[in-house]
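This report refers to the structure that appears directly beneath it.
The values are calculated or read from the model by the stated rules, or taken from the named source; none is laboratory data. Here the structure is a predicted model, which is why all the values come from computation and not from measurement. Cβ: placed from backbone, ideal geometry, glycine included. Neighbour counts: every protein chain shown. Side chains are part of the model used for accessible areas, which takes the heavy atoms of the whole protein and leaves out ligands, DNA and RNA. Shrake-Rupley method; radii C 1.70, N 1.55, O 1.52, S 1.80 Å.
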Amino acid sequence: MENCFHCGDECREDSLVFQEKPFCCSGCKTVFEIFENNDLSYYYKLENTPGISPKIQESKYDFLDNAEIAEKLLEFDDGNVKIISFLIPSIHCSSCIWILENLHKLQKGVRSSQVDFPQKKVRISFSAEEISLKSLVLLLSRIGYEPYISLENYESKKENINRSLIYKLGVAGFAFGNIMFLSFPEYFEINEFWLDQFKHIFRWLMFSFSLPVVFYSGSDYFISAFKGLRSRILNIDVPIALGISVLFIRSTAEIIMNTGTGFFDSLSGLVFFLLLGRFFQHKTYAFLSFERDYKSYFPIAVTRIKDDGEQITEEQVQVYKVQKGDRIIIRNEELIPMDAILIKGEARIDYSFVTGEAEAVEKKSGDKLYSGGRQLGGIIEVEALKEVQQSYLTQLWSDEVFKKDKNSGFQSLTNKISKRFTVSVLSVAILSAAFWMFYDPSKALNVFTAVLIIACPCAIALAAPFTLGNLLRIFGKNKLYLKEASVIEQVAKIDTVVFDKTGTITTNKQNSICYDGLELAEEELEMLGGSLRASNHPLSRALYSILDRNSIKTPEVFQEFSGQGIESDYGDKKLKIGSAAFVGNKPVAEGTLEKTSVHVSSNDNYKGCFTFHNSYRNGVEDVFEKLSAGKELIILSGDNEGEKQKLQELLPAGTAMYFNQRPGDKLEFIKKLQQRGKKVMMVGDGLNDAGALAQSDVGIVISENINVFSPACDGILDASMFSKFHEFIRLSSKGISIIHWSFILSLSYNLLGLGFAVTGNLMPVVAAILMPLSSISIVLFTTFSTQQIASGLKTK
């Protein structure tokens, strides 16, 4: 079977061929022709099958004709030239960048376009006189790069990027290099006339370089230490701030009194390595959002019916302007943004992203519809019961759980040992100074400061950042994207894992299909194949893929009813394919209403139904088996109990299962587990899991496409790597063990250095060697160790 030249998808038997190239659909062929006619065929030379099959619904963007809404989206507007940035989830390769930066060749109204590949954004400058905003969006959609525009864009404010850490690291690195260069003559005690003449200038230069290091680059450590002491907490920044202070004060005193060169090199090196560790730990994934709420899911505008008494018209209004009693039109695949009453039309509402229920619900006139549901079918007219801000879905975000900081009560491993470490160092310093007060008072102050200098916990402070930072990158390469490195520490403490079912351990990309009913005649099967081939509905495509494609009759009359089914005629035969109500009968098998089904009737005689069963992700049995060894496992689903028996056969004995759980029920369930002292990880996929994900100690979202909507969470796992889920948890625990061993290694360096310090023999050159050596060895040890433990984790 051939693959589409444009997008790479498999082509059906009736695929299109143009210029001896196969295309899976007319959309891909049209895009190819557009590029070919505009001298943009180089697009296909950069990458093989780089395109995306376009799916465009022009009425979807009518709201962009509303000047008020458009103004909110624009970054710049001087009347003619306008600038706007779009999130394009489908950006994935060099061909995407090239074509998007050559939009001006497709449309002269585009002045320039620039792609931000890491964030999957394109910034476009265009002339409003030559192309409208709506036309620009439609152009992008037609070539397969549909922008993702949601209510979040309407309210978004310009983000202020904090680069202070990079600036501080740069200042510390610059000063460290220069101070080391100026210190070399002092290290080797070179007796040379000119060096001896200028050594005082060199020392004051080192002092000058150290000032920005202490008061700018190291300022965060002093602030953190002060806040910790004010809260009566001895965090790791207390001994660090103490070490920096002592290094600076003693070094300044030595050059003022001309008794030595001081420890400015060790001071700048200490701050530089600490900031390097912090920078390494602060890895972020700019193209992902871990803080999304309903605004990322809701449309910016809706179509409102306006009745002025003389005529009825339609207008596009911003969703926040919808008032109680307004009549709203909802089209196929559109989301209902507020609670409403169905007035006209046949509604088939998909609540899977809100409640977790896998099956669409049919509603009739007068029924209540809740926000967050998606209409699957024709146009319906609804009457708003509440404003968007007061709807069922938005009220889910009023819970305090969405405002809490998960890290507020979390104490990192490094901070746990800092209290004992600080007390121990101060005790050794005081005892050593007391000893020398009796035997040689002239050395007492020197010994006291030397102990504080050499015992500064630089290496200890680096152990966790470099270990967790390495693991963060390893996880990212294997498609688990964590919000921050501290999440790994929390994952290692988890003792209970709660899984949602629909979309989390099941996949919508694969389904098993079985037929239940009267046997279909050969002619009926041929008609069925021809009818399904003509339909683009996902269920039609899935069912068509299992039929005999060698004997197919193309229907003479074909009509598709959106959201209901297909009707086709061939000779004296009339076939209906679709929902039970559409074909005019009920399923013959008891319980089939609980599963997705396609029903068939021939000449108005009900024949049977094809039932689609949930397919579970590859490796789900192995994942649960491995996790059950040390974790309590729970299934918490908003779906019905239709799959309970299958789950009991599939999962380990003792796995608790709870069904028909609404979003609020899930949140309360997690809360009760935590009240019992459990450390809970919630694994979900949709808005119905948002409260539970926020309440849990760690919330992980499973996503078929990491670039599209996912609720607020601590991490996003690409669904293709679900089979490795238990490995990520194992590696998190191993990472904590590496930090423990790093602490031991660091303490051994401190003990060695203390031998020099307490005897009063700590020379600047010894400190200059020991302190960087301990830091570098910790970096190498953590890097090598994390690579070793992750050697068995391979990307599929």
(request) Output the qualifying pairs, or none if there are none: Cβ atoms under 7 angstrom, residues six or more apart or on different chains, first residue in the stretch 708-735 and surrounded by fewer than 22 Cβ atoms within 10 Å (Cβ to Cβ) and hydroxyl-bearing (Ser, Thr, Tyr), second residue modelled with pLDDT of 85 or more and not in a strand (DSSP E or B). (result) 720/479; 723/618; 723/619; 723/622; 723/623; 733/492
(message) Filter the stretch 318-329 down to the residues that are of a type outside the set (A, V, I, L, M), modelled with pLDDT of 90 or more and in a strand (DSSP E or B) and list them by number.
(response) 327
(message) If the requirement is being open to solvent by less than 50 Å² (accessible area, probe 1.4 Å) and at pLDDT below 90, which of these qualifies: 674, 695, 645?
(response) 695
(message) Restricting to the stretch 152-172, count the residues that are at pLDDT below 70 and either surrounded by 11 or more Cβ atoms within 10 Å (Cβ to Cβ) or in a helix (DSSP H, G or I) (or both).
(response) 5
(message) Restricting to the stretch 377-389, name every residue that is buried (at least 17 other Cβ atoms within 10 Å of the Cβ) and over 20 Å from residue 318 (Cα atoms).
(response) 377
(request) Name the single residue, out of those in the stretch 141-151 being assigned to a helix (DSSP H, G or I) and modelled with pLDDT of 80 or more, that is nearest to residue 275 (Cα to Cα). (result) 141
(message) Just to check your reading of the model, which residue among 110, 115 is closer than 19 Å to residue 42 by Cα and touching a residue at least 12 places away in the same chain (Cβ under 8 Å)?
(response) 115
(message) What pairs come out if I take residues in the stretch 606-630 that are without any contact (Cβ under 8 Å) to a residue 60 or more places away in the chain and pair them with residues that are polar (S, T, N, Q) whose C-beta lies under 9 Å away, six or more apart or interchain?
(response) 624/655; 628/655
(message) Can you tell me how many residues within the stretch 49-83 are within 24 Å of the chain's Cα centre (by Cα) and not in a loop (DSSP other than H, G, I, E, B)?
(response) 1
(message) For the list (1) at negative phi; (2) surrounded by 15 or more Cβ atoms within 10 Å (Cβ to Cβ), I need the number of the one condition that residue 262 fails.
(response) (1)
(request) Just one of (1) in a helix (DSSP H, G or I); (2) at pLDDT below 90; (3) more than 13 Å from residue 500 (Cα to Cα); (4) not β-branched (Val, Ile, Thr) trips up residue 618, so point out which. (result) (1)
(message) Quick check on the stretch 357-365. Is at least one of its residues part of a loop (DSSP other than H, G, I, E, B), in contact with a Phe, Trp or Tyr (Cβ under 6 Å, 6 or more places away or on another chain), at pLDDT 80 or above and within 20 Å of residue 664 (Cα to Cα)?
(response) no
(request) Tell me which residues, restricted to the stretch 416-454, are among the small types (Gly, Ala, Ser) and open to solvent by less than 90 Å² (accessible area, probe 1.4 Å). (result) 418, 424, 427, 429, 432, 433, 434, 444, 450
(request) Pick out the one residue from 92, 104 that is of a type outside the set (D, E, K, R), open to solvent by 30 Å² or more (accessible area, probe 1.4 Å) and part of a loop (DSSP other than H, G, I, E, B). (result) 92
(message) Can you tell me which condition residue 50 does not meet? The list is (1) at pLDDT below 85; (2) touching a Lys or Arg at 6+ places or on another chain (Cβ under 7 Å), and all the others hold.
(response) (2)
(request) Sort out which residues of the stretch 467-511 are surrounded by fewer than 24 Cβ atoms within 10 Å (Cβ to Cβ), more than 30 Å from residue 778 (Cα to Cα) and touching a Ser or Thr at 6+ places or on another chain (Cβ under 6 Å), and write them in order of number. (result) 507, 510, 511
(message) Checking the structure you have, find out if any residue of the stretch 330-349 is modelled with pLDDT under 75, crowded, with 16+ Cβ neighbours inside 10 Å and either in contact with a Ser or Thr (Cβ under 7 Å, 6 or more places away or on another chain) or among the β-branched types (Val, Ile, Thr) (or both).
(response) no
